[in-house]
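A short write-up of the structure that comes next.
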2 protein chains.
Amino acid sequence: MKIPKPTVRRLGLYYRCLARYKEEGVNFVSSQDIADRLNIKPSQVRKDLSYFGEFGKRGLGYNVSKLISEIARIIGVNKEWNVAIIGAGNLGSALANYPGLAKHKFNVVAMFDNDRQKVGKKIAGIPVFHISELNQKVKELNIEMAVIAVPESAAQYVAELVEESGIKGIVNFSPIKLRTNIPVEDVDITLSFETLAYMILKNSPVNIQQEEQV
Amino acid sequence: MKIPKPTVRRLGLYYRCLARYKEEGVNFVSSQDIADRLNIKPSQVRKDLSYFGEFGKRGLGYNVSKLISEIARIIGVNKEWNVAIIGAGNLGSALANYPGLAKHKFNVVAMFDNDRQKVGKKIAGIPVFHISELNQKVKELNIEMAVIAVPESAAQYVAELVEESGIKGIVNFSPIKLRTNIPVEDVDITLSFETLAYMILKNSPVNIQQEEQV
DNA sequence: TAGATTGTTAATCGATTAACAATC
DNA sequence: TAGATTGTTAATCGATTAACAATC
């Protein structure tokens, strides 16, 4: 069955939402409960879950602990992932320093750069290797995901190296569309700022963009 | 007229794509040219642009420079934006150090935290103020956007402070859905890793999740 | 049993794409 | 004029939501 992309993303939201309920000592929740916290419709929650099985009890709702472990299995949160960051510049270093990743079992085990100055150093305790060592280290350290945090001009080339190395997926922070045969998730920070800028302008009373006014 | 959200986001992509064409010395491009680089359909490009006006010439395509400035006007890239980062922890500091923002005229002019240890210091040259000074500094420095980079537990409260301060929009890096009356753009890094994890698992030959197999 | 809530179908909504007349 | 490409309409596709029978 074809799973909608937004459903997969929401699964992650459900997971966190349920984790919070668990912390609060709640044992059973309804689709309505979850939907309220996430500002969506309860039928959306039920529909999303129904792609993967029947996890609830009619009249009762969902067992929080059980649903957490089901979702964890589905989105692969019950396993640890070894991650390489390609590009030891500002953004790459920032991600290496970001504890949110390790917290969710995405372990950054290596960084790669083509700058010999950086190779051999450590950033946030993570060793920086030369990009030519990629293939070897991927096998040695069992790396499954790559973060691409290199300049736009190098991104496509790096993506090809990553794919050849046997890495299985990419989180792409560069602002271009990568052409690969492995899954890519784009995180485009600047684009988010630009989208916000548009929304602010659209909201503002003095508005030159006549066309969009309702 | 109602503009689809994905259209607004693609406008930013068009802008960058056109900037590249301009650098390459290209004066006219067709919707096909743009679509090819972004891996989308040419009719999508034309449809998106048509929400805002008629920018092309039949038989010829679009004048690159002209279209760049039209899109810049629409998405507010032709103006500078003053930005505050709330939360001077790992993520906040990383964003302060990230030159990609200033490059796109999003100027981080202040950071805020509730930790008195951090207040008065500078991070990447940007002064850190106590959160209680928010209202005053927003006026003083003409801040229009806030980045929320505080822990989940504080995010909703901070969002309310931000809204009251007169800031017009939020880029939210915390993993919760904020309830505000101003526009919010969510950047959920962990969710992107989780979505990638799902896609890798789905692709892999040994797959316990029978339901999703085609 | 009565009340609650699921899982699922069908209806609706929104976004993408194909097709083509208009026109440079 | 002939060829190319736009702007726009209509068709298609995909995702969300409402509704409700099933059932705890």
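The values are calculated or read from the model by the stated rules, or taken from the named source; none is laboratory data. Bear in mind the structure is a predicted one, so any value in this text is a computation, not a measurement. Glycine also receives a Cβ, built like all others from the backbone with ideal geometry; neighbour counts cover every protein chain displayed. Just the protein is used for accessible areas: all its heavy atoms, side chains included, with ligands, DNA and RNA removed. Shrake-Rupley method; radii C 1.70, N 1.55, O 1.52, S 1.80 Å.
Things worth noting here:
- For the range B:81-191: accessible area per residue (Å², 1.4 Å): 42 Å²
- Rounded to whole numbers, the Karplus 3J(HN,Hα) couplings from phi for the range B:86-93 are 9, x, 9, x, 4, 5, x, 5 Hz, using 6.51 cos²θ - 1.76 cosθ + 1.60 with θ = phi - 60°, and x at Gly and Pro.
- Within straight-line cross-link reach of B:K139, lysines at Cα separation under 17 Å, skipping those fewer than 8 residues along the same chain: B:K168
- DSSP bridge pairs, chain A: antiparallel proportion in percent, nearest 5: 25 percent
- DSSP bridge analysis restricted to the protein assembly as shown gives an antiparallel fraction near 25%, rounded to the nearest 5.
- Across the range B:9-18, coupling constants 3J(HN,Hα) worked out from phi with the 6.51/-1.76/1.60 Karplus curve, θ = phi - 60°, read 5, 5, 3, x, 5, 4, 4, 5, 4, 5 Hz, and Gly and Pro carry x.
- Legend: residue pairs A:K103/B:K118; A:K121/B:K121; A:K122/B:K122; A:K177/B:K177; B:K47/B:K202; B:K5/B:K177, Cα-Cα distance threshold 22 Å; pairs beyond threshold, A:K103/B:K118; A:K121/B:K121; A:K122/B:K122; A:K177/B:K177; B:K47/B:K202.
- Calculated mean residue ellipticity, 222 nm, the protein assembly as shown: -14000 deg cm²/dmol, from DSSP H runs (n ≥ 4) at -39500 (n - 2.57) each, averaged per residue and rounded to 500.
- Counting Cβ atoms of other protein chains within 10 Å of each Cβ in B:94-103 and taking the mean gives 4.
- 0 to 90° range, to nearest 10: angle between helix A:64-75 axis and chain A longest Cα axis: 40 degrees
- Cβ neighbours within 10 Å from other chains - mean over B:125-131: 0
- Pairwise FRET efficiency - B:D115 versus A:K177, Cβ, R0 = 35 Å, nearest 0.05: 0.30
- Highest-first arrangement of B:11-19, A:127-135, where packing means the average Cβ count within 10 Å: B:11-19, A:127-135
- Cα convex hull of the protein assembly as shown, projected area averaged across orientations, nm²: 23.0 nm²
- In this simple spin-label approximation, B:E24 and B:K57 carry label points 7 Å from Cα along the Cα→Cβ vector, and these lie 2.1 nm apart.
- Amide H contacts of B:E185 (H built 1.01 Å from N, under 5 Å, at least 5 apart or other chain): B:I170, B:V171, B:N172
- Of all accessible heavy-atom area on the protein assembly as shown, the percent that carbon and sulfur account for (1.4 Å): 51 percent
- Phi to ³J(HN,Hα) by Karplus 6.51 cos²θ - 1.76 cosθ + 1.60 over the range A:113-129, Hz, x for Gly, Pro: 8, 9, 8, 4, 4, 8, 4, x, 7, 10, 10, 6, x, 9, x, 9, 9
- For the peptides B:103-109, A:48-54, the ranking by mean Cβ contacts within 10 Å, running from highest to lowest, is B:103-109, A:48-54.
- The heavy atoms of A:S174 offer some 10 square angstrom of accessible surface to a 1.4 angstrom probe.
- Ranked order, B:R10, B:R46, A:R58 - accessible area, probe 1.4 Å, largest first: A:R58, B:R46, B:R10
- Under a 5 Å amide H cut-off, with hydrogens placed 1.01 Å from N, A:I123 pairs with A:V128 among residues at least 5 apart or on other chains.
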